[in-house]
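**Student:** My structure is below; once you've seen it, I'll send some questions.
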Amino acid sequence: MAEQVEYITPEQMMKEEARAASLGIGVGKLMENAGAEVALEVWRRYGPLFGKRVLVVAGSGNNGGDGFVAARHLAARGSKVKVLLLSSPEAIRTEEAETNWKRLSESAVEMLVARDGSELSRLGSEFERADIGIDAKFGTRIRGGGREAHASSPQSQGWGEEAERVHRPGRRRPDRNPVACSSSR
């Protein structure tokens, strides 16, 4: 039976983040904690990670930043991690996410970039090779366009039906998929 998940709205999330900030907990610390928790949940669900191929599909916002942190932690546990950024690195929208993207270059994580649908098509085989996938594209505040490179999502690559959800604490939304994990094998 599926686990019941409590959902909050973007407005509630903004209030919680403001509350955390008033307590001296900044976005960078929230991002680090969220990514570490995602990595821990992947380990809990899939057991020993040494040598497992993990693909993190990341957007350019803070949810992508959470994915960057998770990737770093998974690589530290011996996984062969690739991060597929669905924008140019210059388009990363927050300082915290950009900092964590740059930190990946100091780790064992392989960094891939798909600025548009044609680049994503070229990298499509990465979805098939992954043992575990993490969807870190969208959070609670996605607005407007910019979805062209996202058209070929992990779900459309065969991860969707059996995808197990691992949500960033406080960002649970029934209509969005902040972070999802699935084993393709």
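Bear in mind that the values in this text are calculations on the coordinates, not laboratory data. For clarity, every value in this text was computed on a predicted model and none was experimentally measured. As a convention, Cβ positions derive from the backbone with ideal geometry for all residues, glycine included, and neighbour counts pool all protein chains shown.
**Student:** Just to verify a number: FRET efficiency for Arg103 and Arg53, C-beta to C-beta distance, R0 = 25 Å, to 0.05?
**Tutor:** Plugging the Cβ-Cβ distance into 1/(1 + (r/R0)^6) gives 0.75.
**Student:** Loop-only GluC sites (Glu not before Pro) in region 46-114, please: DSSP not H, G, I, E or B, and at most 15 other Cβ atoms within 10 Å.
**Tutor:** For GluC sites (Glu not before Pro) across region 46-114 that sit outside H, G, I, E and B with at most 15 neighbouring Cβ atoms in 10 Å, the list reads Glu106.
**Student:** For region 1-97, which chymotrypsin sites (Phe, Trp or Tyr not before Pro) are both in a DSSP coil and crowded by at most 14 other Cβ atoms within 10 Å?
**Tutor:** Within region 1-97, the qualifying chymotrypsin sites (Phe, Trp or Tyr not before Pro) (loop, at most 14 other Cβ atoms within 10 Å) are Tyr7, Phe50.
**Student:** Could you give the size of the charge dipole of region 22-114 about its Cα centre, using +1 on the Cβ of each K and R and -1 on the Cβ of each D and E, expressed in debye and rounded to the nearest 20?
**Tutor:** So the dipole magnitude of region 22-114 works out to roughly 460 debye.
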